[in-house]
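Engineer: Right, I'll just put the structure down here and ask away after.
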Amino acid sequence: MLGHNEAISFTEVHNRASRAVMKRLGMTFVKIIYERGLIEGRDGIHAAASFALYRLRREYAAPPPAAEAGRRLACFTDSRQVAPRAASD
């Protein structure tokens, strides 16, 4: 986890695909937070959209599959590849 003991992540509550990825990574749901963002079924950005906050602690991190060990990782945001980086943990 890049030298840290904990990582957090959040996404809109209605973003089921991202929440599923967080769960597969071993992250646990912490709470609902409210920030500017999208609300399912409504147009535009809203001041108090609900987001699901997840946390991953190093001791609970899912180990990488054996087939992935030593391979390069890619960083993604908004479903687009940003830049490849070497695996460090």
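Nothing in this text is a laboratory measurement; each read-out follows from the coordinates by a stated rule. Small disclaimer: the values here were computed from a predicted structure and weren't measured. All Cβ positions, glycine included, derive from the backbone under ideal geometry; neighbour counts span all protein chains shown.
Engineer: Given the peptides 13-21, 50-58, 37-45, arrange them by the average over their residues of other C-beta atoms within 10 Å, most packed first.
Structural biologist: Working: 13-21: 14.2, 50-58: 17.2, 37-45: 10.7.
Per-residue Cβ counts within 10 Å, averaged per peptide and sorted highest first, yield 50-58, 13-21, 37-45.
Engineer: OK, next. Between I39 and L53, how many nm apart are label points set 7 Å from Cα along the C-beta direction?
Structural biologist: Taking the simple label geometry, I39 and L53 are separated by 2.0 nm.
Engineer: Taking amide H positions as placed in the peptide plane 1.01 Å from N, state which residues far from S50 in sequence (5 or more) or on other chains have amide H under 5 Å from it.
Structural biologist: V13
Engineer: Right, next: Per residue, what volume in Å³ does the convex hull of the Cα atoms of region 1-48 enclose?
Structural biologist: Once divided by residue count, the hull of region 1-48 is 96 Å³.
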